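The values are calculated or read from the model by the stated rules, or taken from the named source; none is laboratory data. Quick caveat: nothing in here was measured; it's all calculated off a predicted structure. All Cβ positions, even for glycine, are placed from backbone atoms using ideal geometry, and neighbour counts span all protein chains on display. Keep in mind that these areas ignore ligands, DNA and RNA; they rest on the heavy atoms of the full protein, side chains included. Shrake-Rupley method; radii C 1.70, N 1.55, O 1.52, S 1.80 Å.
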Amino acid sequence: MEAHEYMEMALALATRSIGWTSPNPAVGAVVVKNGQVVGRGRHKVCGGPHAEVFALDEAGEEARGADIYVTLEPCNHTGKTPPCTEKILAAGIRRVFIAMEDPNPVAAGGIDRLRAQGVEVTCGLLREKAEAINEGFIKHVQTGRPFVIAKSAATLDGRTAASTGHSQWITGEKSRRHVHELRHAVDAIMVGIGTVKADNPSLTCRLETGGKDPIRIVLDSRLSMDEDARVLQLKSDSDTIVVCGKIPEEPCEARQKKARLEAAGARVLEVPLKDQRVDLASLMAILGKEKIQSLLIEGGATLLKSALDAKIVDKFRIYLAPKLLTGDDGFPITAGKGPLSMNEALTLSRVAVRHFDNDVMIEGYL
């Protein structure tokens, strides 16, 4: 096997950890000796052993003189676990192949440490694939803000619901399952109060194989949420956060409503408003400070337009179903005034296309 094939194995291991390790990155490692894989490992949970530890422990004495393929630069500091560089050196590894450097300056330095001890290090093998696995981690480390994915599902004529608001279901079962995989992968999911009132969603991850619920965030600038809303009635390990504008200190209906929502188990977060709506840029900074590294926007047309206008969206994903509503009275993907020419249109880059039965998913970066 070639070097890139061993790294592909390590990347596949890392992919299995997506959604489970935040705020740590998802990492995979493979130990190879004489053309044979003798150890495999992945970081399984924040605070637990890193991928290199599992792979080297499985390899045992076979690690001496072997190569190790790691999707992220081995850490060189003592955090919740000891430095992986010392584990690699103690195991007697001969060569280290790394997909990407660690963007976290606290953990970085592993490459220099290994080279200083005479270990041959190659970095950059399948870098883009490694970066795609940990987009949220990378952006959060570099900017302090979450990586934002905006998602929509629509008919071929660009409608997310019929004129009555009926939208179940636009896409097929496989597309919907893929959305739940995305919910598992991210730290948080965000919708507007309009979506809560219209659909009364749970915003949970419902996978047959099990998954992690994201933190649920509802933008509700005026605290108009029904206290019986489903997002307040869930048995879930993740929190529900209701985001509103600043509430006066003196007793008022809004303050009483906040107390009732908190009594129901929600957390009410007060943030500045902009044009009578939650200031999304300010909210991203706040969420970043709370170690939310990745955020999925599943809101309706108004929220999606606001997010795009605020330039907080990093990746856009749409599921298109082979259906036509054939009218101009359905709900559009975005609402509000748009540009006057195609030259001003937002353009996606690094576009990927996938099929889910008859549905087509298009995804790209903004």
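General remarks:
- One residue from I292, I286 being at pLDDT 95 or above and part of a helix (DSSP H, G or I): I286
- Contacts under 6 angstrom Cβ, first residue in the range 324-336 being without any contact (Cβ under 8 Å) to a residue 60 or more places away in the chain, partner open to solvent by 60 Å² or more (accessible area, probe 1.4 Å), 6 or more apart: A335/T302
- Count - residues of the range 50-85 that are crowded, with 16+ Cβ neighbours inside 10 Å and either without any contact (Cβ under 8 Å) to a residue 60 or more places away in the chain or outside any loop (DSSP other than H, G, I, E, B) (or both): 25
- Positions within the range 5-34 being over 22 Å from A185 (Cβ atoms) and in contact with a strand residue (DSSP E or B) (Cβ under 9 Å, 6 or more places away or on another chain), in sequence order: Y6, V30, V31, V32, K33
- Any hit, the range 2-22, residues being open to solvent by 10 Å² or more (accessible area, probe 1.4 Å) and assigned to a strand (DSSP E or B): no
- The residue pairs whose first member lies in the range 341-366 and is farther than 24 Å from I170 by Cα and touching a residue at least 12 places away in the same chain (Cβ under 8 Å), whose second member is open to solvent by less than 40 Å² (accessible area, probe 1.4 Å) and of a type in the set (V, I, T), and whose beta carbons are closer than 8 Å, counting only pairs six or more residues apart or on different chains, are L366/V313.
- Of the set (1) in contact with a helix residue (DSSP H, G or I) (Cβ under 6 Å, 6 or more places away or on another chain); (2) open to solvent by less than 30 Å² (accessible area, probe 1.4 Å), all apply to A321 but (1).
- Residue in the range 87-121 that is farthest from L11 (Cα to Cα), counting only those that are surrounded by fewer than 17 Cβ atoms within 10 Å (Cβ to Cβ) and touching a Ser or Thr at 6+ places or on another chain (Cβ under 9 Å): Q117
- Residue among T334, T326, T347 that is assigned to a loop (DSSP other than H, G, I, E, B) and in contact with a Lys or Arg (Cβ under 7 Å, 6 or more places away or on another chain): T334
- Matching residues in the range 23-45 - criterion: being in a loop (DSSP other than H, G, I, E, B) and open to solvent by 40 Å² or more (accessible area, probe 1.4 Å): P23, N24, N34, G35, K44, V45
- Test: residue in the range 133-155 that is open to solvent by 40 Å² or more (accessible area, probe 1.4 Å) and acidic (D, E): no
- For V37, the requirement of being aliphatic (A, V, I, L, M) and in contact with a strand residue (DSSP E or B) (Cβ under 8 Å, 6 or more places away or on another chain) is met.
- Pick from the range 280-300, criterion touching a residue at least 24 places away in the same chain (Cβ under 8 Å) and among the charged types (D, E, K, R), ranking: surrounded by the most Cβ atoms within 10 Å (Cβ to Cβ): E298
- Identity of the residue in the range 119-163, of a type in the set (D, E, K, R) and not in a strand (DSSP E or B), that ends up farthest from A90 (Cα to Cα): D157
- Remark: pairs (first residue in the range 145-171, farther than 12 Å from I318 by Cα and at pLDDT 90 or above; second residue assigned to a loop (DSSP other than H, G, I, E, B) and of a type in the set (S, T, Y); Cβ separation under 9 Å; 6+ apart in sequence or on different chains) = D157/T326.
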